[in-house]
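The values are calculated or read from the model by the stated rules, or taken from the named source; none is laboratory data. Treat the numbers as computed from the prediction; the structure is a model and nothing was measured. Glycine also receives a Cβ, built like all others from the backbone with ideal geometry; neighbour counts cover every protein chain displayed. The area values use the complete protein model at the heavy-atom level, side chains included, leaving out ligands, DNA and RNA. Shrake-Rupley method; radii C 1.70, N 1.55, O 1.52, S 1.80 Å.
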Amino acid sequence: MGQGVRRFYQSLAQASKPFFSPAHPVRRRRRRSPGAIAMSPAAASPDDRIRSYEDFARVHAYLLAASGIPPSLHQRLYHKLADEVFDGGEAFSVEPCEGGRQRRLVLAAEWTLGRESDVFLVDHAWSFRLSDALKQLREVPGLAERMAALMCVDLDERTELEEADEQDNGNGGSLESALEVVEKERTRIQEKGSDFAAWLELEELGIDDDMLIALDLSSKFPNMVALNLWGNKLQDPEKIMKGIGECRRLKALWLNENPALKEGVDKVILDGLPELEIYNSHFTRKAGEWALGFCGDIIGADNPCSSAESIPLENIVSLDLSDRCIHKLPVVFSPRKLSSLWSLNIRGNPLDQMSSDDLLKLISGFTQLQELEVDIPGSLGNSAISILECLPNLSLLNGINVASIIESGKHIIDSALKPRLPEWSPQESLPERVIGAMWLYLMTYRLADEEKIDETPVWYVMDELGSAMRHSDDANFRIAPFLFMPDVTQFCGLFMMFILEKSALEFRKYKEQLQSSSICPSRKVTPVTKSIRPSDGHALRVFTDIPQVEEFLTRPEFVLTSDPKEADIIWVSMQVDSELKNALGLTDQQYTNQFPFEACLVMKHHLAETIHKAWGSPEWLQPTYNLETHLSPLIGDYCVRKRDGMDNLWIMKPWNMARTIDTTVTGDLSAIIRLMETGPKICQKYIECPALFQGRKFDLRYIVFVRSICPLEIFLSDVFWVRLANNQYTLEKTSFFEYETHFTVMNYIGRMNHMNTPEFVKEFEKEHQVKWLEIHGRIRDMIRCVFESATAVHPEMQNPFSRAIYGVDVMLDNKFNPKILEVTYCPDCTRACKYDTQALVGSQGVIRGTEFFNTVFGCLFLDELKDVSPL
């Protein structure tokens with residue numbers, strides 16, 4: 001990291017800028033950094049304070065217990081809350097880590113905190129509803145800049161400003177600065193002797209191609225073994241070789257973060273400097289004694305060692321070979337050469353030119369080896385237990401005590417998972433970067449009153465203190481949410497600290513399981529239901545709470561009643577369970593508009609599970625994961641797609657909410673994981689390339705009439721309708737927060753532009769040059785398969801006194817293949833009743849909206865087939 005960047009972060013650690021990241025306990029800082037904001041205490045008499053504290057403890061008793069705050073700190077917490085004392089900056093400061101891409105909280109050297117000795121307040125830096133996030137970042141002055149600094153996604157802009165300042169102050173990269181370093185090294189070599197190997201550090205000095213040539217390093221340092229040019233401005237591979245090509249004894253070269261890496265410089269360098277053992281921090285094919293000595297800390301600037309014979313490998317006790325892109329360990333990596341090796345780290349290397357057995361055999365020869373760090377699964381196999389059986393002398397594997405591993409029987413252990421870092425590109429604006437990075441920092445809560453819970457959660461970013469707290473498996477601090485209510489009319493949320501970590505990959509196993517499951521034969525049977533109209537011809541009595549049924553069920557065969565006990569048919573929007581039956585005095589011989597266990601269809605996670613069990617992984621169901629049970633396979637699927645460059649956009653849907661409430665589109669794995677906190681959800685592969693109508697997204701609502709589940713007897717209404725998004729479809733990241741771009745249900749949000757079905761079909765056929773009846777046939781087949789799933793997997797749904805209609809939502813991809821979105825119980829049929837239309841199949845006659853529920857009841861209870869098609 002350059003001096004300018006270092007200075008920036010030193011100032012940032014003292015400023016009031018927020019940040020959060022998951023991975024390490026609070027650390028102690030060698031020097032104290034100022035930067036606390038403390039509010040002046042409010043004046044109050046001791047008696048008032050005691051009385052107020054007693055009220056506080058009484059009102060907040062449940063919150064205090066739930067937060068886990070020790071009783072000994074309750075009174076201290078109260079005083080800090082009452083006086084608004086944010087004194088964490090006096091005890092802690094913030095410092096950069098992960099190369100400046102994250103920050104962490106450190107304890108000031110002057111402070112000593114005993115166990116459960118103090119409590120600190122953390123405030124909110126930003127609170128918002130998800131749909132408002134981008135708008136606020138664009139419109140609230142200073143918010144995007146503060147959040148970008150908080151999330152470390154403004155480094156390029158900060159660096160450019162610092163470089164400009166350095167240039168203005170005459171401190172930019174120059175030949176003179178580089179020559180000063182060169183002359184110091186020449187002086188050192190003269191003192192050591194002309195045969196002493198040179199080690200030159202020219203990192204981040206602004207050196208360009210011409211400056212490198214002017215330095216004339218080849219003639220000045222004929223014995224140079226290591227050259228660090230990290231973070232300069234080198235671009236031309238040929239000029240680079242002209243500047244260093246005669247350094248034939250060079251063992252290590254760092255060109256990291258130079259523009260030349262984009263110009264194919266690697267082959268030129270490796271061909272021109274055949275003795276290189278380390279190039280850009282990676283081992284080359286020539287890696288041997290020198291490279292091992294460097295990684296074993298016996299070779300460095302103070303001891304360059306140009307001769308292999310002078311490298312005492314037997315003195316190496318700890319050897320860190322992690323992330324060196326090693327395909328095959330050097331020949332000199334042997335128990336004979338490294339006879340004192342005690343600790344070995346080979347994480348992050350492919351080692352794909354060695355078999356697991358050969359590698360285990362080699363490592364087992366190191367009789368002194370006590371500690372091993374290795375990827376599991378990885379080059380030594382997939383099981384920690386198997387590795388320990390081959391290496392019985394180990395005491396620590398991946399930082400975990402061997403005895404505890406064996407006792408727990410864990411096969412996969414990893415104490416060094418790499419932190420998830422924000423990803424962004426220089427082309428993105430600060431608001432766009434923040435939207436992508438914020439999921440690593442967000443927390444969430446929902447508001448509720450005595451009557452209902454808020455449908456959409458509130459998200460927030462903690463302030464500087466809370467955001468810099470990192471996760472640790474061996475934590476020494478914790479954060480807990482706490483809702484402070486100074487009186488009954490107002491409250492403020494303040495938070496104290498928490499930890500979260502989840503990770504594992506089981507995608508392949510899950511995929512194989514889906515591919516092997518299919519229990520659903522496709523067969524049709526003779527209908528078994530009959531008309532239930534009494535033989536004496538009297539009308540069937542209907543009890544309902546649905547306004548459209550009350551208004552439009554006008555057939556003489558049915559009559560409405562306000563007494564559910566005397567009704568023949570119960571047609572309601574609420575769930576008719578045993579509790580409701582007992583309350584209303586209902587019997588099992590009354591017909592109801594729902595089937596037992598219909599949750600297997602109408603709850604999104606159960607629908608996917610039912611289809612998976614019946615059909616495996618059919619093309620008409622997008623990859624779908626229940627995040628409560630299948631988070632690990634989802635992560636695997638996401639990572640495989642990312643690795644293979646496949647589209648990776650997903651949609652998060654609550655299990656059991658309609659109208660796209662709390663539904664989010666995202667391509668960010670961190671967002672997916674954090675959105676789980678707002679309630680149980682499925683994560684489904686987003687249809688990134690849907691069929692469009694005049695550039696807009698749409699879906700189709702079909703109504704299915706169900707008379708029987710076993711055997712399956714279902715009918716498709718000739719009435720269906722299209723639901724159109726209002727905005728032109730786009731996959732711009734900023735559009736994912738635009739409801740009217742990615743969602744189609746406009747009855748409750750946005751502007752609804754109804755389009756009659758025949759008009760839509762005519763225009764769609766013309767736009768895409770397709771025949772709708774062919775598409776309709778595929779949709780029919782898919783809907784039949786969906787309900788066959790329930791028949792095969794949940795035959796207990798069958799009840800002879802059940803009749804129901806279900807809404808089935810369908811989307812077409814750009815190849816006009818149908819995809820099932822969801823199945824809805826007691827669907828909203830306002831449009832079906834409000835608009836007249838023309839049937840596209842069957843009679844192809846005019847269908848009156850006012851006749852819709854007459855058709856429904858005629859099909860389900862009188863065995864009629866008017867304006868419906870058997871499936």
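Below, the figures for the structure above:
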| quantity | calculated |
| --- | --- |
| Residues located in the stretch 809-839, provided they are under 24 Å from D577 (Cβ atoms) and open to solvent by less than 40 Å² (accessible area, probe 1.4 Å) | V823, T824, C826, P827, C829 |
| Residue tally, condition over 13 Å from I278 (Cα atoms) and touching a Pro at 6+ places or on another chain (Cβ under 9 Å), over the stretch 310-332 | 1 |
| Residue list for the stretch 759-789, restricted to those being without any contact (Cβ under 8 Å) to a residue 24 or more places away in the chain and open to solvent by less than 40 Å² (accessible area, probe 1.4 Å) | G777 |
| Any hit, the stretch 316-328, residues being open to solvent by less than 20 Å² (accessible area, probe 1.4 Å) and under 34 Å from the mean Cα position of the chain (by Cα) | yes |
| Residue within the stretch 633-643 that is within 30 Å of G858 (Cα to Cα), out of contact with any helix residue (DSSP H, G or I) (no Cβ under 6 Å at 6 or more places or on another chain) and of a type in the set (A, V, I, L, M, F, W, C) present | no |
| Filtered residues of the stretch 577-617 (kept if surrounded by 21 or more Cβ atoms within 10 Å (Cβ to Cβ) and of a type in the set (K, R)) | K604 |
| Meets criteria (open to solvent by 40 Å² or more (accessible area, probe 1.4 Å) and either closer than 30 Å to N817 by Cβ or not hydrophobic (A, V, I, L, M, F, W, C) (or both)) for H630 | yes |
| Residue in the stretch 269-286 that is nearest to N228 (Cα to Cα), counting only those that are assigned to a helix (DSSP H, G or I) and open to solvent by less than 70 Å² (accessible area, probe 1.4 Å) | I269 |
| Matching strands (runs of 3 or more DSSP E) fully within the stretch 111-230 where at least 3 residues are within 26 Å of C97 (Cβ to Cβ), under 42 Å from the mean Cα position of the chain (by Cα) and modelled with pLDDT of 85 or more | 124-129 |
| Neighbours by Cβ (under 8 Å, 6+ apart or cross-chain): first from the stretch 84-100, closer than 29 Å to E257 by Cα; second of a type outside the set (F, W, Y) and in a helix (DSSP H, G or I) | V94/L12; V94/A13; V94/E464; E95/A13; P96/L12; P96/A13; G100/V5; G100/L155 |
| Among (1) in contact with a strand residue (DSSP E or B) (Cβ under 7 Å, 6 or more places away or on another chain); (2) surrounded by fewer than 18 Cβ atoms within 10 Å (Cβ to Cβ); (3) part of a loop (DSSP other than H, G, I, E, B) - the single one L388 does not satisfy | (3) |
| Residue that is farthest from W290 (Cα to Cα), among those in the stretch 176-215 that are without any contact (Cβ under 8 Å) to a residue 12 or more places away in the chain and among the charged types (D, E, K, R) | E176 |
| Some residue of the stretch 88-98 being more than 29 Å from A148 (Cβ to Cβ) and either touching a Pro at 6+ places or on another chain (Cβ under 7 Å) or surrounded by fewer than 17 Cβ atoms within 10 Å (Cβ to Cβ) (or both) | no |
| Filter result for A792 (assigned to a helix (DSSP H, G or I), farther than 26 Å from R696 by Cα and either open to solvent by less than 10 Å² (accessible area, probe 1.4 Å) or at pLDDT below 95 (or both)) | yes |
| Residue count for the stretch 325-370, restricted to those that are farther than 19 Å from A291 by Cα and either in contact (Cβ under 8 Å) with a residue 40 or more places away in the chain or of a type in the set (V, I, T) (or both) | 1 |
| Qualifying position, being over 16 Å from the mean Cα position of the chain (by Cα) and touching a residue at least 12 places away in the same chain (Cβ under 8 Å), among I651, I687, I682, I672 | I687 |
| Checking T850 against (1) in contact with a helix residue (DSSP H, G or I) (Cβ under 6 Å, 6 or more places away or on another chain); (2) crowded, with 19+ Cβ neighbours inside 10 Å, the condition it does not meet | (2) |
| Criterion: over 37 Å from the mean Cα position of the chain (by Cα) and under 15 Å from N593 (Cα atoms) - qualifying residue of V841, V856, V868, V846 | V856 |
| Check on K233, without any contact (Cβ under 8 Å) to a residue 24 or more places away in the chain, surrounded by fewer than 21 Cβ atoms within 10 Å (Cβ to Cβ) and not assigned by the TED database to the domain that holds P350 | no |
| All positions within the stretch 254-268 that are open to solvent by less than 20 Å² (accessible area, probe 1.4 Å) and touching a helix residue (DSSP H, G or I) at 6+ places or on another chain (Cβ under 7 Å) | L255, A260, V265 |
| Qualifying position, being closer than 30 Å to N382 by Cβ, modelled with pLDDT of 75 or more, open to solvent by less than 30 Å² (accessible area, probe 1.4 Å) and of a type outside the set (F, W, Y), among L514, L465 | L514 |
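Results for (1) at positive phi; (2) in contact with a helix residue (DSSP H, G or I) (Cβ under 7 Å, 6 or more places away or on another chain); (3) charged (D, E, K, R), shown as yes or no for each residue.
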position: E550; (1), (2), (3): no, no, yes
position: K581; (1), (2), (3): no, no, yes
position: F595; (1), (2), (3): no, yes, no
position: G616; (1), (2), (3): yes, yes, no
position: T629; (1), (2), (3): no, no, no
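For (1) surrounded by 17 or more Cβ atoms within 10 Å (Cβ to Cβ); (2) modelled with pLDDT of 85 or more; (3) closer than 26 Å to R470 by Cβ; (4) under 19 Å from the mean Cα position of the chain (by Cα), each residue gets a yes or a no:
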| residue | (1), (2), (3), (4) |
| --- | --- |
| N398 | yes, yes, yes, no |
| S415 | no, no, yes, no |
| P419 | no, no, yes, yes |
| E432 | yes, yes, yes, yes |
| Y445 | yes, no, yes, yes |
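Yes/no per residue for (1) open to solvent by less than 20 Å² (accessible area, probe 1.4 Å); (2) in a helix (DSSP H, G or I); (3) of a type in the set (S, T, Y); (4) modelled with pLDDT under 90:
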{"site": "D699", "(1), (2), (3), (4)": "yes, no, no, no"}
{"site": "P711", "(1), (2), (3), (4)": "no, no, no, no"}
{"site": "T734", "(1), (2), (3), (4)": "no, yes, yes, yes"}
{"site": "E740", "(1), (2), (3), (4)": "no, yes, no, yes"}
{"site": "M746", "(1), (2), (3), (4)": "yes, no, no, yes"}
{"site": "G750", "(1), (2), (3), (4)": "no, no, no, yes"}
{"site": "N753", "(1), (2), (3), (4)": "no, no, no, yes"}
